[in-house]
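The values are calculated or read from the model by the stated rules, or taken from the named source; none is laboratory data. Just so we're clear, the structure is a prediction, and the values are computed from it rather than from any experiment. In this analysis, Cβ positions are derived from the backbone assuming ideal geometry, glycine residues included, and neighbour counts consider all displayed protein chains.
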Amino acid sequence: MRWRCVWSLLICLAIWGVIVRPAAALRGQTIVVPVYSHVYHGDKERPFLLAATAALRNADLRQSITITAVDYHDSQGRLVRSLAPEPILLGPLASVRFVIPESDASGGSGASCVVRWQADADVAAPVAEAVMIGTRSSQGISFVTSGRVIEEIQ
């Protein structure tokens, strides 16, 4: 009777996704990271300018990855500029950041970075995020956004 309960519990855990499975091994991805150059405040929708830091962290403990492109796009999806004109090798657990200064409002409130990376071996997926921060007088704002994978290479 006790074994029947154990098996039932294991089946339930598997069905509900509680049993942890290793992350899918990948060879590359394309990731979109929201990057806000400003947000709006007040009834008149005044822009509040922000400095943005887009960061990519290699989450693999053993393998390096190569960032092949980091492209900054504006609210209409147009390419503003490439933030990584050459490939960047990131060792295990290493990170790289790209700063869009507060004075640069070219991206608009709906800007984004498109990050492309690849690896020679299967690796854990990296972490792609952006941190936005702005201050004016005694007011400050800061928040973080996470990247979303739009393409995977396995």
With the condition being under 17 Å from the mean Cα position of the chain (by Cα), crowded, with 16+ Cβ neighbours inside 10 Å and of a type in the set (Val, Ile, Thr), I'd like the strands (runs of 3 or more DSSP E) fully within the range 21-84 carrying at least 3 qualifying residues. 26-34, 65-73
Please work out which one of (1) small (Gly, Ala, Ser); (2) crowded, with 19+ Cβ neighbours inside 10 Å; (3) within 11 Å of Ser37 (Cα to Cα) is the condition Ser109 fails and give its number. (2)
Has the range 114-122 got at least one residue that is over 14 Å from Val35 (Cα atoms), touching a Gly at 6+ places or on another chain (Cβ under 9 Å) and either among the basic types (Lys, Arg) or exposed (fewer than 15 other Cβ atoms within 10 Å of the Cβ) (or both)? yes
Restricting to the range 94-119, what's the tally of residues that are assigned to a strand (DSSP E or B) and without any contact (Cβ under 8 Å) to a residue 60 or more places away in the chain? 5
If you take the residues of the range 126-154 that are at pLDDT below 95 and not in a strand (DSSP E or B), which of them is surrounded by the most Cβ atoms within 10 Å (Cβ to Cβ)? Gln154
